[in-house]
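Notes follow the structure.
The values are calculated or read from the model by the stated rules, or taken from the named source; none is laboratory data. Owing to the predicted nature of the structure, the values given are computational and were not obtained by experimental measurement. As a convention, Cβ positions derive from the backbone with ideal geometry for all residues, glycine included, and neighbour counts pool all protein chains shown. Each accessible area value is taken on the protein alone, full model and side chains, heavy atoms only, with ligands, DNA and RNA left out. Shrake-Rupley method; radii C 1.70, N 1.55, O 1.52, S 1.80 Å.
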Amino acid sequence: MDDHVPPVPNADPSAEWIGEASSPVPDGGGPSFPGLLPAPVPATDKVVRRVGWVASLGASLVVLLVGAFVLGWLARGEGPDPATLPAASATGKPVVPMVDQWDEPVVAVAEAVAPSVVLVIVPGTAQGSGIVLDNDGRVVTNAHVVDEFEEVQVLLPSGRLVEGTVLGADVRRDVAVVQLAETDESVKVATFAPSDRIRVGQLAVAVGSPFGLSQTVTAGIVSAVGRVVGSYGCQVGGARSAKCADVAMLQTDAPINPGNSGGPLADRTGRVIGMNTSIRTEGFVTANAGVGFAIPSDTVLLVADRLISGEPVGTAFLGVSVVTPTDGRAGALIDEIVEGSPAERSGLEKDDLIVRSDGRPILDMRALRADIQLRLPGTKVELEYLRGDRIGRTVLELASLDEELGDQE
């Protein structure tokens, strides 16, 4: 990110000085008249004196304000230490920075997050970024970074290269976990923020290794939440395969490029809100165009926990075909129900409009798909739907998409 330091306005503008005018001496003397008032002061002299009085008062006020500010500054003990400031080349005196680095939020975020970011390398194949997950030396990254490899190399923040073993990968949500053979004091565990606190427009800082440039920092904002994007598994197995899933992601304009995959997207407090995963491109252009996507932190942690514990990461199956309404209503409109599916057994019908899942709003068909596919087979979910003018609720147990597709083959 290119830092921009705004120019400091001139604090000492030039002023026009008004010289004191002298009255001409009369050519001849005149008689003196005791008891008479002094001769009136010429109008020009009055103006000069008034201007001088106002200028003196203004200067006094400025001096008082500056003095109060300096005394308060010294009393608080704030400001940079002159001993740590670079010396000016000509005078040898310390130079005060024009911008205090502690007033720069991106600086603070970068310093907090960078120790938890590593470079993941698949020798001779690919590379990406990773986030330190815990004190046991586990790192979370994208499944498409490690692909089908079991062994990788990881570059730590200190520059030390260590070996890593892939504990597991889920191509449906594009999450993988790598176990490091060893770490050092440069490694810090990342802090994750809950996804329900993320707001559109908030600061978003990306840290990663675009094009192999490790510890690169860029910044932007969260452009959208709940943006449903097809997962890496859709590329691997095709749109109709069990590997394909829709994932509700964060959209950001923070510049991310190839190599940022698997790295953190952080908020202004240095907490990870998402894992950078993909960018929107057009034609042959593969560089960032201001539209990037990150898997929300809750999804990253959920899948990572399953992979570490050895739990299945299968995809749940509801058994409906849905469309997005075109009449302005939010929700997923049921167009078809699979016979014998959980949807049919729960009493859902064609033309029901599903509007909530476990209390969370469903905005369109892809949002429902992303919500269901994040769940494990066998889990229960409460769906709220509209049937005509009536509101209905049903609780059902989800089936397995893998088994459903296997039965169809």
Take Gly262 and tell me if it is under 14 Å from Pro210 (Cα atoms), of a type in the set (Gly, Ala, Ser) and crowded, with 24+ Cβ neighbours inside 10 Å. yes
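Sort through Ser186, Ser195, Ser158 and tell me the only one that's hydroxyl-bearing (Ser, Thr, Tyr) and under 22 Å from Leu374 (Cβ atoms). Break it down stepwise before answering.
On the way: Ser186 fails: under 22 Å from Leu374 (Cβ atoms); Ser158 fails: under 22 Å from Leu374 (Cβ atoms).
Of Ser186, Ser195, Ser158, the one residue that is hydroxyl-bearing (Ser, Thr, Tyr) and under 22 Å from Leu374 (Cβ atoms) is Ser195.
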What is the residue count in region 396-407 for residues that are under 39 Å from the mean Cα position of the chain (by Cα) and small (Gly, Ala, Ser)? 2
Restricting to region 188-201, and then to whatever is basic (Lys, Arg) and in a loop (DSSP other than H, G, I, E, B), can you tell me which residue is most open to solvent (accessible area, probe 1.4 Å)? Arg199
Any residue at all in region 364-378 that's under 24 Å from Gly233 (Cα atoms) and modelled with pLDDT of 95 or more? no
For Arg393, are the conditions met, namely being modelled with pLDDT of 95 or more and over 29 Å from the mean Cα position of the chain (by Cα)? yes
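Of the residues Ala242, Ala254, Ala204, which is open to solvent by less than 30 Å² (accessible area, probe 1.4 Å), touching a residue at least 24 places away in the same chain (Cβ under 8 Å), assigned to a loop (DSSP other than H, G, I, E, B) and farther than 30 Å from Asp402 by Cβ?
Details: Ala242 fails: farther than 30 Å from Asp402 by Cβ; Ala204 fails: assigned to a loop (DSSP other than H, G, I, E, B).
On inspection, the qualifying residue turns out to be Ala254.
Quick check on my filter: what residues within region 273-283 are under 18 Å from Ala224 (Cβ atoms) and either part of a loop (DSSP other than H, G, I, E, B) or open to solvent by less than 10 Å² (accessible area, probe 1.4 Å) (or both)? Spell out how you get there, then give the answer.
Start the filter on region 273-283 by keeping residues that are under 18 Å from Ala224 (Cβ atoms), which leaves 273-281.
Of everything in region 273-283, those that are under 18 Å from Ala224 (Cβ atoms) and either part of a loop (DSSP other than H, G, I, E, B) or open to solvent by less than 10 Å² (accessible area, probe 1.4 Å) (or both) turn out to be Ile273, Gly274, Met275, Asn276, Arg280, Thr281.
Give me a count of the residues in region 138-156 that are open to solvent by 40 Å² or more (accessible area, probe 1.4 Å) and in contact (Cβ under 8 Å) with a residue 24 or more places away in the chain.
Let us first name the residues in region 138-156 that are open to solvent by 40 Å² or more (accessible area, probe 1.4 Å), namely 138, 144, 147-151, 153, 155.
Now restrict to residues that are in contact (Cβ under 8 Å) with a residue 24 or more places away in the chain: 138, 144, 147, 149, 153, 155.
Here the count works out to 6.
Quick one: how many residues across region 162-201 are small (Gly, Ala, Ser) and more than 23 Å from Ala114 (Cβ to Cβ)? Even if it seems obvious, please write down each step before you answer.
So in region 162-201, the residues small (Gly, Ala, Ser) come out as 164, 168-169, 176, 181, 186, 190, 193, 195, 201.
Keeping just the survivors that are more than 23 Å from Ala114 (Cβ to Cβ) gives 168-169, 201.
Of the residues in region 162-201, 3 are small (Gly, Ala, Ser) and more than 23 Å from Ala114 (Cβ to Cβ).
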Here is a check on your reading of the model: is Gly124 without any contact (Cβ under 8 Å) to a residue 24 or more places away in the chain, in a loop (DSSP other than H, G, I, E, B) and either farther than 30 Å from Ser241 by Cβ or of a type in the set (Phe, Trp, Tyr) (or both)? no
Log entry, pairs with first residue in region 287-315 being under 20 Å from Ile131 (Cα atoms), second being among the acidic types (Asp, Glu) and modelled with pLDDT under 90, beta carbons closer than 9 Å, six or more apart or on different chains, reads Asp298/Asp196; Asp305/Glu311
